[in-house]
Amino acid sequence: SSGWAGGASSGAASGGGWAGGAAPLQAPQGLRMVENSSTSITVAWEPPSGGAACVSVYELQFREADEREWHLASNSLTRTSCQKHNLRPGVPYRFRVRALNARTAEWSPFCGTLATSTMAAVPSRPTLTRATPKPQLHCVEVQWESAAGSSSAPSNNNNNSNAGDRYVLEWREKGRSMGWVRADVSNEYEASVCSRVVRELKTGKQYQFRVRARNAVGVGPWSAVFDSGAARPASAGSSRQAAPAASGPR
């Protein structure tokens with residue numbers, strides 16, 4: 001809640017003077033972020049000026065930057081730091097703190113708002129969805145769904161990819177004890193491109209594919225291996241397209 005708790009605000013008088021003869025607490029000072037991860041933020045602050053001995057507990061509130069409503073992290077803090085867990089990766093947050101006067105049972109004003117954010121997470125596992133042979137070109141077009149939710153700034157394009165993510169695609173011939181081969185020399189594709197054409201494949205062969213994403217934090221896991229039909233040449237005199245798209249992940 002963003003309202004005052006515990007009754008009158010710190011600037012209110014009671015019975016012609018401050019309750020118990022005690023002056024109101026000032027706001028805590030120096031609210032700052034001291035550590036963050038993809039799912040948590042640790043903040044710290046200093047006691048109110050001249051009033052540290054009068055503080056009973058602190059209350060810490062937080063919200064995502066684009067929210068209006070504040071949420072309670074804790075209202076029973078006895079130390080001047082707190083780690084907030086269960087936050088979303090790569091999201092900007094706001095924090096504020098106030099102190100409870102042990103003598104008057106009144107809350108101080110909130111300190112100034114702290115703007116900070118969680119770190120981005122390592123990308124999640126992409127999902128290969130289709131591998132379409134291109135008969136005349138001896139190649140296969142591979143498509144996948146992005147590693148959704150892994151980046152700090154989701155893009156607005158139509159393929160659901162995440163800004164900052166890049167993808168690595170590898171292939172191998174099915175049924176052979178050969179290692180995985182990178183799809184091309186550059187090895188990485190911008191997140192806005194969730195498909196790639198793998199060229200120079202052998203005719204009449206079947207292939208397997210896998211893809212993974214990486215961002216500034218690290219490299220995510222490989223997708224499930226995806227089996228594809230071969231890029232076979234079209235039969236002479238036939239207008240039919242060769243090989244159907246892939247049988248799916250294994």
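The values are calculated or read from the model by the stated rules, or taken from the named source; none is laboratory data. This is a predicted model, so every value here is computed, not measured. Cβ placement follows ideal geometry from the backbone for every residue including glycine, while neighbour counts extend to all protein chains displayed. Ligands, DNA and RNA are excluded from the accessible area calculation, which covers all protein heavy atoms including side chains. Shrake-Rupley method; radii C 1.70, N 1.55, O 1.52, S 1.80 Å.
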Next on the checklist: Condition first: farther than 14 Å from A65 by Cα and buried (at least 18 other Cβ atoms within 10 Å of the Cβ). Now tell me which residues in segment 85-98 satisfy that.
Outcome noted: V97, R98
Checklist outcome for this item: Quick count over segment 163-175, residues being open to solvent by less than 60 Å² (accessible area, probe 1.4 Å), of a type outside the set (V, I, T), modelled with pLDDT of 55 or more and assigned to a strand (DSSP E or B), is 5
Next on the checklist: Could you check segment 99-115 and list, in sequence order, the residues that are assigned to a strand (DSSP E or B), surrounded by fewer than 23 Cβ atoms within 10 Å (Cβ to Cβ) and in contact (Cβ under 8 Å) with a residue 60 or more places away in the chain?
Outcome noted: L100, L114
Checklist outcome for this item: Scanning segment 183-212 residue by residue, those at pLDDT below 85 and assigned to a strand (DSSP E or B) turn out to be Y189, E190
Checklist outcome for this item: When segment 57-90 is checked residue by residue, the ones that are under 13 Å from L114 (Cβ atoms) and either in a strand (DSSP E or B) or among the aliphatic types (A, V, I, L, M) (or both) are L60, Q61, F62, R63, A65, A73, S81, C82, K84
